[in-house]
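Everything below concerns the one structure shown next.
Throughout, read-outs are computed from the coordinates displayed, never taken from laboratory work. Source: prediction; values computed, not measured. Don't worry about glycine lacking a Cβ; one is built from the backbone with ideal geometry, like all the others, and counts go over all protein chains shown.
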Amino acid sequence: MPIQRLAETKKPRFVVDQILSSIQDGSLSAGERLPSEAKLAELTGVGRTSVREALAALRLMGVIETHVGDGSYVRETANSEVVSNSITRAIEQSEEAHQLQEARAVFECGLVRLAAARWSPEKAKAFEQLFSSMENSAVSGGYADYIRLHRDFHLMLAQATDNPIVEGTERSFLEYMDHEGWQDMERQFYLPNRAEYLRESVREHTAIVDAVSSGDVLGASERMHEHFQRHEGEGEERGSREQWAVGSG
C-alpha cells in the first residue's frame, strides 16, 4: 500500500501504523531499508521529531533495527500483527526520551552558570581525572564504561554548584536515563557506539568545563547549549543522507 499523509491522528502513532501496514502488505520486506527520516516526514506530512519517535518505538518493538550512518532496516523477525499491541507504550517511551532531552538542555544550560560562579581548583582536578578516563574509554571502544563516565560528568557538574537541590534534580534525570526508551534514543542518536562520536563527546565536555573553570558564565551556557543542539542536528543529518523511497525496491 502507498504511504499516506497524516489526517487527524497522533503523529508518531500515524507513522508507526503506516510502516507496520507496509510490512504487513508486503510493500516493505524483511531486510529492506526504510526511507530516510526526511523522506518519511515528506511522505507522511509530519515533522522529523515525530518520525524519530516513531522509529524509536519500532525499534523498541523489535520491528526495525538501525545501523548508525546507514539507516533503518526491517528486521527479519518483524511481525506487525504480534507487535501492534505494544505500540502505545513504545511511543510513550520514545516521546518521554525527547522530552527528557529538552528538559536536560534547559536545566543544564542554567546549571553551568552557577557552577562557574562557585568553581575551585579542587573541582578542576577531579574533572581532569574524569576526562582522562573518558578519553581512554573512547579510544579503547569501552562503550559501557563511557556511558557510565558520561553520567558521572553530568552529576559532578551538578555537584559543582554546591546546591543539593540542583544535585538532586540532576540525579533524577540520570535515573530516568536508565529507562529503555531513553537508552534506545541514546544509542541511535545522542551517543552512538562509535569511537569518533565518543572522542568528539570528550572534546565537547572538556570545552564546557574549560568555560566553567575560567569563569565564563555565558560561554559555559553556550557550550552546553551547543552540546545538546549538536546531537539533534546530527541525527537529522544522518537521516538525510539515507537514500531510499517506499516501493523503490
Q: Subtract the Cα-Cα distance of ARG113 and ARG203 from 0.36 nm times their separation in residues, and report this length gain in nm to one decimal.
A: 30.5 nm
Q. If each of GLN99 and ILE165 carries a label point 7 Å out from its Cα toward its Cβ, how far apart are those two points in nm?
A. 2.3 nm
Q: List the relative contact order of segment 86-186 as a percent without decimals, with contacts defined as Cα pairs under 8 Å and 6+ residues apart.
A: 41 percent
Q | Exposure proxy ranking, count of Cβ atoms within 10 Å, fewest first, for LYS125, LYS39 | A | LYS125, LYS39
(Q) Can you work out the Karplus-derived ³J(HN,Hα) for every residue in segment 37-43? Use 6.51 cos²θ - 1.76 cosθ + 1.60 with θ = phi - 60°, whole Hz, and x for glycine or proline. (A) 4, 4, 5, 4, 4, 5, 5
